[in-house]
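Everything on this sheet refers to the single structure shown next.
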Amino acid sequence: MSSASDMTSRFPEVTASLVSARKNGRLAHSFLLISESEETRRDYAIFLAQIAACPAPLASGEPDLNCPVCRALAKGSYMDLHTLGPVGKMYQIRVGEMVNPEPNTLRAFMNILYLTGSTGGRKIGIIYEADRMN
């Protein structure tokens, strides 16, 4: 996993814009990350989650990266981090049934995000390979 300083140096304009939006309370609720590199998409998604969820950002607005939330996000152990990606033979993200949606479907993922978070902080949902939704 790339470090936050690596993400900031590789994408300075994007990072500055996101940090400024967070600092001014204008961070959007969703983003679409595009890159040819899957690793870059995954790493920047976690860095963006740190920007959004850090309870004690630096004066510049950047996440402090040392708080429990930032560390848990970096390790993938943040209780309110939920991910969804393609599964099955067809390698797709299925929508799922309205009533009792099965796991690994978009409706089950949305149901999880609608519930109150267990940590009292921000809930983070990441959909990997969103182009695989049917």
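The values are calculated or read from the model by the stated rules, or taken from the named source; none is laboratory data. Since the model is a prediction, treat every value here as computed from it, not as a measurement. Heavy atoms of the whole protein, side chains included, go into the accessibility calculation; ligands, DNA and RNA do not. Shrake-Rupley method; radii C 1.70, N 1.55, O 1.52, S 1.80 Å.
Structure values in brief
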{"quantity": "Candidate aspartates and glutamates - alpha carbon under 12 Å from residue 75, same-chain residues fewer than 8 apart omitted", "calculated": "43"}
{"quantity": "Accessible area of residue 94 in the full protein assembly, 1.4 Å probe (Å², nearest 10)", "calculated": "120"}
{"quantity": "Average projection area in nm² (convex hull over Cα atoms of the chain, one quarter of hull surface)", "calculated": "8.8"}
{"quantity": "Difference of contour (0.36 nm per residue) and Cα-Cα distance, residue 36 to residue 56", "calculated": "4.0 nm"}
